[in-house]
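The next block holds one structure in the form of C-alpha cells; read it before the comments.
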Amino acid sequence: MAGVRERIAQPRSLQRPHTREVPGEEIAPGLRYIEHRFAWGEPPAELDLAFARLTTARREHLLHFDTETTGLAGGTGTRAFMIGAADWYEGALRVRQLYITAMAAESAMLRAFTGWIGTDTVLVSYNGKSYDAPLLATRYRLARLENPLKGLRHVDLLHPMRRRYRGVWENCRMQTAERQLLRVVREDDLPGSEAPRAWLTYLRGGSSANLARVAEHNLQDVRSLSGLLVHAHGWAASDVRHASPAGNEK
C-alpha cells in the first residue's frame, strides 16, 4: 500500500493524443493556411513611431510578423517552417499563418508571404531585425526569389523595450513585455525552443499535437506584437536610452 500511495502522490504527466490532423486549409501541396479575426478597440488611424526613431505609419500599413524555425542559431541550415502575421483589416485584427508540412513546400510559403507585403508595408517584430528578417532573406535567396522585406521600414520592439525597461524588469523578453504591459499570461504555452522538435516529430510520422501548439504560440506572438505597438504609440524617443545590441529575447 505504501507503494500505491507513493505512485498516487506523484504528479501525472500530461498525455496528449497521438494525431496526424493539422489545423488550417491546404492551399498548395504541403502548405497550410490559418486565418483568425479578433475584435479590437479602434486603434489610432496613425501610429506615432517616434519611440523607434521613425515617422508615423497608417495602421493598415503595419504588418506584425513572427517566424517559427528549425533552430535558433540561424545560418543557411535553419529554415522557417511557419510565418505568422497580423494586420488591422476591415475593423478587426486579422492574423494569418502559413506553415509547411513538407520540405518541398517552402518556396510556396515564401511566395504566399510575399503576397501579403506591399511597398508601403511597415514591418513590426520582436528581435526581428536581428533574427527573423535576416533568416527570411537567406531563405528567399536560396529559393532564388526576390526578398519582399528588403528596404521596408521595420519597427523592432525589442530595442525600445530594452531602452525603457532594462533594470526595471527581470528581462526584456517578449513574454515579459506582454505580461507587464498587456496583462497577458500564457497557459500551456509551448516554448519557442520546442518548436523545431514539434515540427520534425510530425515530419517523421509522429503526432501533430505539439505542431498545433506551435501554431497557438505563434498566434499569441503576433497578437501581442499588435498590442505592444499600440501601447508604445506616442512614447517619445527621448523617453528611452540608447539601445544596446540585440540578443535572442523573443
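Read-outs: derived from the displayed coordinates by stated rules, not from any lab. In this text the structure is predicted, and so the values were computed from the model without any measurement. Counting neighbours? That spans all protein chains shown, and the Cβs are built from the backbone with ideal geometry, glycine included.
Brief remarks on what is shown
- Structure-based [θ]222 nm, the chain - -39500 (n - 2.57) summed over DSSP H runs of at least 4, per residue, nearest 500: -9500 deg cm²/dmol
- Taking the Cα centre of the chain as origin and assigning +1 to Lys and Arg Cβ atoms and -1 to Asp and Glu Cβ atoms, the resulting dipole is close to 660 debye.
- Total formal charge among the other residues, if their Cβ is under 13 angstrom from that of residue 136, Lys/Arg +1 and Asp/Glu -1: +1
- Under a 5 Å amide H cut-off, with hydrogens placed 1.01 Å from N, residue 89 pairs with 94 among residues at least 5 apart or on other chains.
- Sequence ranges 194-207, 149-162, 26-39, ranked by mean other-Cβ count within 10 angstrom, highest first: 149-162, 194-207, 26-39
- For the stretch 101-110, Karplus couplings with θ = phi - 60° (6.51, -1.76, 1.60), whole Hz, Gly/Pro x: 10, 8, 4, 5, 8, 4, 4, 5, 5, 5
- Rg to Rh quotient for the chain, alpha carbon positions, Kirkwood Rh: 1.01
- Relative contact order for the stretch 25-236, counting Cα pairs under 8 Å that sit 6 or more residues apart, in percent: 26 percent
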